[in-house]
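> I have a structure I would like to understand better, so I am pasting it below and will then ask my questions one at a time.
The values are calculated or read from the model by the stated rules, or taken from the named source; none is laboratory data. Just so we're clear, the structure is a prediction, and the values are computed from it rather than from any experiment. Note that each Cβ is placed from the backbone with ideal geometry, even for glycine, and that neighbours are counted across all protein chains shown.
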Amino acid sequence: MRIWIDFANSPHPLLFAPVIGQLRADGHEVLLTARDNAQTVELARERWPEVDVVGTESPQSRTAKAGAILQRIGQLKRWAGGRRPQVALSHNSYAQIVAAALSRIPAVTAMDFEHQPVNHLAFRLARTVLVPEVLPVDGLRRQGARAAKLIRYPGLKEELYIGDFVPDREVLARVGLDSRPRILVVARTPPTRAVYHAADNPLFAEALRTVCSQPGAACVALARYPEQREAIRALELETCVVPEHAVDARSLMYAADAMIGAGGTMTREAALMGIPTWTLFAGRRPAADSWLERQGRMRTLASAEQLSGLQPRAAEPSSPIDLRRRSQTIERSFIEATLAAGSARR
């Protein structure tokens, strides 16, 4: 089967890597496109140099954002017209889903944030919708994911790929740290250009200041966009490193004593690894985060003072082998849903 996978955001290359590997091992042809947004292309081309870049980064204003998506829909429709895939798969790539619908290609979408307003479009156009079991069904159905197209899988999407790596023992040197600090904190910036997120999150800067004011502590802040890197550097925090390019974030978090996440995916990755994790996400509370918090794997950061007195982590994180144990069931759900949709093509 000829399967088209689109990467619209930075987490997507990691998410789909195990799925792509298994599909190709099973003899299927997998075609790849990526939007030039945040670190998406860089992460995709590390794994698949042949990926086709279609579309530009997400602008800051909602009007410009809508225009960029409309432009990308047309570009993807033309791209698909020359390659004729039998099914499309993404993690709520709105442009791909619309382009696939216009081209009469069945689309499979995965999603793990029930408060994303564009779900109303994506779920109605997709043939199949894949979500974690922890998401409330009633809300998904109101967004268009009726029972006939909804597939729920156990755990979280991050468990599909979180163990698919070998920890890089040189990762600290690669991000510019000459030696391991007594306390290493990794921080992920807010998704400030996303339609579901508040325009600003001042708590993030306060958290960085609190971390970097502590003796022996250092922070690696992973920014999504150039303006975020500039804003962090303007804080003039001597022990805060801001990498210019995509890094092996899983290895970095694996070495960390704590994780501060103002977004979603990377925060959940750290929590699942067993790294002490705080979330200061400024959007509506995801069910996935609430689930992790009930399990004691994640805490909500309401005040930067909660980060005072940081200590080295008390235990080693889960091994990649242990992390991989839950991945096969989720991988199978993605693959079977995709092949079924392609076989039942309109």
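> Could you grab me the full set of residues in the range 232-247 that are in a loop (DSSP other than H, G, I, E, B) and out of contact with any strand residue (DSSP E or B) (no Cβ under 8 Å at 6 or more places or on another chain)?
Hits for the range 232-247 are 234, 235, 236, 238, 244, 245, 246.
> So residue 141 ticks every box in (1) surrounded by fewer than 16 Cβ atoms within 10 Å (Cβ to Cβ); (2) modelled with pLDDT of 95 or more; (3) in a loop (DSSP other than H, G, I, E, B) but one. Which box is left unticked?
(3)
> Scan 208, 184, 172, 272 and give me the residue that is touching a residue at least 12 places away in the same chain (Cβ under 8 Å), assigned to a strand (DSSP E or B) and either basic (Lys, Arg) or surrounded by 16 or more Cβ atoms within 10 Å (Cβ to Cβ) (or both). Lay out the reasoning, then the answer.
Values: 208 fails: assigned to a strand (DSSP E or B); 172 fails: assigned to a strand (DSSP E or B); 272 fails: assigned to a strand (DSSP E or B).
Matching residue, one of 208, 184, 172, 272: 184.
> I need the full set of residues from the range 33-42 which are out of contact with any Lys or Arg (no Cβ under 9 Å at 6 or more places or on another chain) and surrounded by fewer than 22 Cβ atoms within 10 Å (Cβ to Cβ), in order please.
36, 42
> Could you identify the single residue in 250, 332, 284 that is in contact (Cβ under 8 Å) with a residue 12 or more places away in the chain, out of contact with any strand residue (DSSP E or B) (no Cβ under 7 Å at 6 or more places or on another chain), outside any strand (DSSP E or B) and closer than 30 Å to residue 4 by Cα? Before the answer, list the steps.
Numbers: 332 fails: in contact (Cβ under 8 Å) with a residue 12 or more places away in the chain; 284 fails: closer than 30 Å to residue 4 by Cα.
One residue alone meets the criteria, 250.
> Filter the range 299-336 down to the residues that are among the hydroxyl-bearing types (Ser, Thr, Tyr) and closer than 30 Å to residue 109 by Cα and list them by number. Spell out the reasoning first.
So the first thing to find is which residues in the range 299-336 are among the hydroxyl-bearing types (Ser, Thr, Tyr), and the list is 300, 303, 308, 318-319, 327, 329, 333.
If the condition is that a residue be among the hydroxyl-bearing types (Ser, Thr, Tyr) and closer than 30 Å to residue 109 by Cα, then 300, 318, 319, 327, 329, 333 are the ones that fit.
> If residue 38 satisfies all but one of (1) within 22 Å of residue 222 (Cβ to Cβ); (2) of a type in the set (A, V, I, L, M, F, W, C); (3) outside any loop (DSSP other than H, G, I, E, B), what's the number of the condition it fails?
The single condition residue 38 does not satisfy is (3).
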